[in-house]
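Beneath this line is the structure, given in structure tokens, with notes to follow.
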Amino acid sequence: MNAARTAGPPPARRLALAVLARVLPEPTGEDRIAGQDVQAALDTALAVPDLDPRDRGLATELVYGYLRLCGRIDFLLSRFLSKPNAVPFKARRILGLAAYEILFCSRVPVYASVDWAVSAVRRVSGKGLSGMANAVLRRIAAATGTFDDPNFYCPDNCDEAVYLSRYYSCPEWIVAQWLRDFGPTDTRIFLEGQIEAAPLGLRINRSKPEARALFDALSKLPGLRLAEFPTLAVPAGTDLAPAGVHLGEALASGLLSRQSAAAQQILYRLGLADWPEPIFDACAGRGGKTLLLAEAGKAVYAGDMHASKLSGLRGETTRLGLPPIAAFRASATRMAFKTPPATILLDAPCSGLGVLSRRPDAKWRRRPEDLAGLTRLQGAMLEAAYANLAPGGRLVYVTCTLNPAENEKAVDRLGSRHRGLVLENEAPVAPDPVLGEVFYGAVLRKSG
């Protein structure tokens, strides 16, 4: 017997399949998918000694790429399988991952993708299904030109929402909501963005004397998506060496941090330089926005419901050469201050529909009924923030979703209850084909 055919998938594929099993586990009959967050699952899987960097990179690409496009791939497989529902879940997952490789990983030879997948299907489902796997994958490889034809995805004369859902690998309820709220043109731009890999966002530490020189050097790199000091967005995998920068060293020295460029930009669009101080970051999470504000010279302190998220903030301030930042466990729905902050930043928990390229697992776990609970939670946070602002204070509300009920309508509802609230600035959602991610934000002033 060929030992290569019994040893299991190669390391990168084995890791990818293990991560996907934790993120999108086999359905149990319940409507909701109770999987692990993709980045947490991937971090755990990659924390193995002596893992080849090439396997690390390929496993990451396979996991994120598959999650972005598994809706399209599942439909595609259904067109090539005579009885799709009869194929065991594990075998179908293997087929899906191999199909992703064949269609989207041009540097991987087709024969290599077919070979490991056929062997893996044989291991989990037996020799009979391995023959089917070989035939299906070879047919897919031979028909790649077919898959850009819209008619391929509508053999049943489906409507626009169904076609867009299948082709752009996005749940139909999300597509239908976007069509209703934004129309077909913007919806297609949003959908295109969520199947593309998000660029690497870099934040230059503007508190460092050499910040501007570093920005100028990096701005000369080819292929930049965005270069607006202190924010850069570069295609994932970009080598910074031509600019004289080693990414690992720049991160370790505190000159650079990784942070979504869109997440940085929303704060600048909302005029952070004009926010009165001190600023309380009420849903600080791991502190990305807190640190951005501190680097900009703002007096800021942080709270979050989950103390574990804040635990790394002290180490980050040391790395970045910043003064210590006060941080404590606190609920954004039950704020209480002896001295009210001048500004409360509320980067609220939301449905995350604006950042699906970076968090593609979210679209498969969210359900329409989640949205009502989120709007109630956001409403409670907004009320608590308003109650804890002194007259003249600012409430900065930010989300990373495309759902109007969580965005401008949430602000409208708060304003309808408090007539003394003034909308000073608003950054409405809009398609961003450059960054592929979308945030909403508003600055509200509590009048005296």
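The values are calculated or read from the model by the stated rules, or taken from the named source; none is laboratory data. Here the structure is a predicted model, which means the values were calculated and not measured. Positions of Cβ are backbone-derived with ideal geometry, glycine not excepted, and every protein chain shown enters the neighbour counts. Surface accessibility is based on the protein's heavy atoms, side chains included, excluding ligands, DNA and RNA. Shrake-Rupley method; radii C 1.70, N 1.55, O 1.52, S 1.80 Å.
Pick from the range 211-232 the residues that are within 17 Å of LEU247 (Cβ to Cβ) and in a loop (DSSP other than H, G, I, E, B): which of them is modelled with the highest pLDDT?
That would be PRO230.
Would you pick out the residues in the range 296-342 that are in a loop (DSSP other than H, G, I, E, B), among the β-branched types (Val, Ile, Thr) and touching a residue at least 24 places away in the same chain (Cβ under 8 Å)?
Correct list: ILE325, THR333.
Regarding SER169, is this residue buried (at least 20 other Cβ atoms within 10 Å of the Cβ) and either in contact with a Ser or Thr (Cβ under 8 Å, 6 or more places away or on another chain) or part of a loop (DSSP other than H, G, I, E, B) (or both)?
Working: buried (at least 20 other Cβ atoms within 10 Å of the Cβ): yes; either in contact with a Ser or Thr (Cβ under 8 Å, 6 or more places away or on another chain) or part of a loop (DSSP other than H, G, I, E, B) (or both): yes.
Yes, satisfied.
If you take the residues in the range 386-409 that are in contact (Cβ under 8 Å) with a residue 60 or more places away in the chain and out of contact with any Cys (no Cβ under 8 Å at 6 or more places or on another chain), which one is farthest from THR187 (Cα to Cα)?
Ranking the qualifying residues of the range 386-409, first place goes to GLY392.
If the Cβ limit is 7 Å and pairs must be 6+ apart or interchain, which residue in the range 241-264 that is closer than 28 Å to CYS400 by Cβ pairs with which residue that is among the polar types (S, T, N, Q) and surrounded by fewer than 18 Cβ atoms within 10 Å (Cβ to Cβ)?
none
Criterion first (over 16 Å from GLY436 (Cβ atoms) and among the basic types (Lys, Arg)) does ARG188 satisfy it?
no
GLY297: open to solvent by 10 Å² or more (accessible area, probe 1.4 Å), at positive phi and among the small types (Gly, Ala, Ser), yes or no?
Yes, satisfied.
Out of everything in the range 91-116 that is surrounded by 17 or more Cβ atoms within 10 Å (Cβ to Cβ) and small (Gly, Ala, Ser), what residue ends up being nearest to the chain's Cα centre (by Cα)?
GLY96
Which of the numbered conditions does LEU345 fail, given that it passes all the others? Conditions: (1) modelled with pLDDT of 95 or more; (2) assigned to a loop (DSSP other than H, G, I, E, B).
(2)
Residues in the range 410-432: is at least one aliphatic (A, V, I, L, M), surrounded by fewer than 15 Cβ atoms within 10 Å (Cβ to Cβ) and within 30 Å of ARG68 (Cβ to Cβ)?
Yes, the range 410-432 contains at least one residue that is aliphatic (A, V, I, L, M), surrounded by fewer than 15 Cβ atoms within 10 Å (Cβ to Cβ) and within 30 Å of ARG68 (Cβ to Cβ).
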